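Just below is one structure, and these are the notes that go with it.
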Amino acid sequence: MPAHIELGKRGEQLARTHLEATGYEILDQNWTHAKAEIDIIAYKNGVIIFIEVKSRSYNYFGEPEDFVDRRKQRLLARAADEYIYLMNHQGEVRFDIVSVLFASDDSHKLKHIEDAFWPQPE
């Protein structure tokens with residue numbers, strides 16, 4: 001498996017562990033619709049949270065969360081709309097980012113950014 005794929009999987013597992021430890025119920029992981037994949041879909045306090053996990057092994061060009069651009073946000077919003085429709089969810093939704101920055105000694109820094117963005121219409 002390519003190193004960047006393995007890094008992403010490790011980041012998603014760390015994010016899931018963190019979310020569960022802080023009271024989130026994981027509804028789905030790696031849920032896809034059309035061209036979009038939502039890394040983690042969670043539920044807490046009546047809110048469905050769509051979570052993008054970004055993992056990097058360095059931050060020379062920016063923090064991991066900086067790589068969730070407008071295009072990615074629009075893709076996530078389309079997939080989230082479909083998920084909300086399928087689940088007939090009538091409550092609030094939120095978009096979060098979990099950023100995982102790995103160090104060369106295999107330690108990591110995890111940052112959970114709640115309400116990180118609200119996708120803009122095209």
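Please treat every number below as a calculation from the coordinates, not as lab data. Note that the structure is predicted; figures quoted are calculated from it, not measured. All Cβ positions, glycine included, derive from the backbone under ideal geometry; neighbour counts span all protein chains shown.
Some points to look at:
- Think of the chain as having a plus end and a minus end, set by charges on the Cβ of Lys, Arg, Asp and Glu; of I49, F61, I84, F61 sits farthest toward the positive end of this dipole.
- Between helix 3-21 and the chain there is an angle of about 60 degrees, using the helix long axis and the longest principal axis of the Cα atoms.
- In a reduced charge model with +1 at each Lys and Arg Cβ and -1 at each Asp and Glu Cβ, segment 3-113 shows a dipole moment near 260 debye about its Cα centre.
- Radius 11 Å from Cβ of K9, net charge of other residues (Lys, Arg +1; Asp, Glu -1): -1
- Annotation: amide H of A116 within the under-5 Å range of F95, D96, I97, sequence separation 5 or more or interchain, hydrogens built in the peptide plane.
- A Cα-only calculation for segment 23-83 places Rg and Dmax at 12.7, 38 Å.
- Acute angle (nearest 10 degrees) that the helix 70-87 long axis makes with the longest principal axis of the chain, alpha-carbon atoms: 50
- Of the chymotrypsin sites (Phe, Trp or Tyr not before Pro) in segment 3-89, the ones in a loop by DSSP (not H, G, I, E or B) with at most 11 other beta carbons within 10 Å are Y58, Y60, F61.
- If you model segment 3-113 as an ellipsoid using its alpha carbon gyration tensor, with each semi-axis the square root of five times an eigenvalue, the axes come out at 24, 16, 11 Å, biggest first.
- A DSSP coil position with no more than 13 other Cβ atoms inside 10 Å describes the following trypsin sites (Lys or Arg not before Pro) in segment 1-86: K35.
- Net +/- balance of residues flanking D115 in space, Cβ distance below 11 Å, scoring K and R +1, D and E -1: -2
- Summed over qualifying helices (DSSP H, 4 residues or more, each -39500 (n - 2.57)) and divided by its residue number, the chain shows a 222 nm mean residue ellipticity of -10500 deg cm²/dmol.
- Normalised per residue, the volume of the convex hull around the Cα set of segment 5-49 (Å³): 61
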